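A short write-up of the structure that comes next.
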Amino acid sequence: MTDTKLDWPADVHKVLRDEGITEVAMVPDAGHSRLIELCEGDNDISLVTMTTEEEGIHMLSGVYLGGAKGVMLLQSSGVGNIMNSLAMPNTCRIPILMIVTMRGEWGEFNSWQVPMGQGTPGCLEAMGVRVLRVDQAEEIAPAVKAASRLAFDGQQMVAVLISQKVLGFKDFRELAR
Amino acid sequence: MSGGLHRRDLVKELVKGRDKNTLMLSGLGSPCWDLNNAGDVPENFYIWGAMGGAAMIGYGVARAQPDKRVIVLTGDGEMLMGMGAFASIANFPVRNLAIVVLDNGRFGETGGQKTHTSTGVTDLAGIAKASGIATTATITQESEIAKLKELAFKTPGPVVAVAKVQYEKLKFVLPANSGGYLKDRFRNAILGVDRAQM
């Protein structure tokens, strides 16, 4: 996890509340764990675990059709799973907000994470998603707020990509000891 | 295995049970033509693509509109592609959602290739039940259509009802396909224009 003193998940949680987001769809990631705990403890927010990430994009498409707002929490490997699910929000101009924790790009120890991590921005952009990259903890909450406005006011699909620089990278040799 | 029911007649009969508080979403392909054929209303949303997603899209609507009854009409091909939805919905259940699978055992839009339900090896209602869906059923004959209506409209959800229908080559009855139009029409109908457009 991050070595910064800044509690960015608390700031993001506050942004989600302020923006009127009530549905959180997620496939968990270590980098999202504190934000997930904060959402779990919030009676105004419903957290739904998915078996795979495309379920989340489908659910959020329906949530918006029904008049509510949601966010998807996922990691970069999961971005590979959502491509065709973005067809509906793309062609229907349904706002989609995603917060993606990145792997495979900054000191990654697991080579299997590299292909999708490196491919994440390109895949998202190919499907019409606006990508906001952040690599400083203090930038995350403002980026989520800007992304939420761009999504729900600007009727866009928007992903905030949180760099491994913020999340910290694992050393697998340490973990194996 | 596919059964003897005729999908167009079945969907026509099903929609007789709807009112303004019924929202219906149809998965890509034949379910869209069936639903449009049975009567186009703004409370219909035709999902023309995003295969595998119909159940979860309907689930999202049901979460946002807990006082409406949400009925998803989909096919076996699509449902087989998104079976994880059964587990997700079962673990975070809503009472206002029914998923009706029109199971003809075929990929109808692509040449009628057999799906995994075609020989009875794979049982979608069984998968839904084992995933924890509260109420599941398989309907195979006309005498059970009243039961299907009860499941779709009244039974506390989540419900998964599989209707075994014939494999038939039917005329496409195409609804509007502009996603923007369908989205705005649906939201305007259930939220009112002022709220939908903010």
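Coordinate-derived values only; no laboratory data. Predicted, not measured: the structure shown is a model, and the values here were computed from it. As a convention, Cβ positions derive from the backbone with ideal geometry for all residues, glycine included, and neighbour counts pool all protein chains shown.
Overview of results
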read-out: Cα-based Rg / Dmax (Å) for the range B:7-196; value: 15.2, 50
read-out: Between helix A:137-152 and chain A: long-axis angle, C-alpha atoms, 0 to 90°, nearest 10; value: 20 degrees
read-out: Farthest toward positive dipole pole in the protein assembly as shown [+1 Lys/Arg, -1 Asp/Glu at C-beta], among B:33, B:197, B:87; value: B:33
read-out: Unit charges at the beta carbon, dipole of the protein assembly as shown: most positive-side option, A:58, A:150, A:72; value: A:58
read-out: Antiparallel DSSP beta bridges within the range A:8-176, percent to nearest 5; value: 0 percent
read-out: Total charge dipole magnitude, the protein assembly as shown, about the Cα centre, Cβ charges on Lys, Arg, Asp, Glu only, Debye to nearest 20; value: 860 debye
read-out: Helix A:114-126 axis, angle to chain A major axis (alpha carbon atoms, nearest 10°); value: 20 degrees
read-out: Distance from the range A:49-106 to the range B:92-120 (C-alpha centre basis), Å; value: 24 Å
read-out: Angle in degrees between helix A:8-18 and the longest Cα principal axis of chain A, rounded to the nearest 10; value: 0 degrees
read-out: Distance between modelled label sites at residue B:16 and residue B:166, nm, 7 Å Cα→Cβ extension; value: 1.9 nm
read-out: Top of B:151, B:35, B:170 by mean-square fluctuation, Gaussian network on chain B, Cα under 10 Å; value: B:170
read-out: Net charge dipole size for chain A [Lys, Arg +1 and Asp, Glu -1 on Cβ; Debye, nearest 20]; value: 260 debye
read-out: Volume per residue of the C-alpha convex hull in the protein assembly as shown, rounded to whole Å³; value: 139 Å³
read-out: The protein assembly as shown - mean residue ellipticity at 222 nm from DSSP helices (-39,500 (n - 2.57) per run, n ≥ 4, rounded to 500); value: -11500 deg cm²/dmol
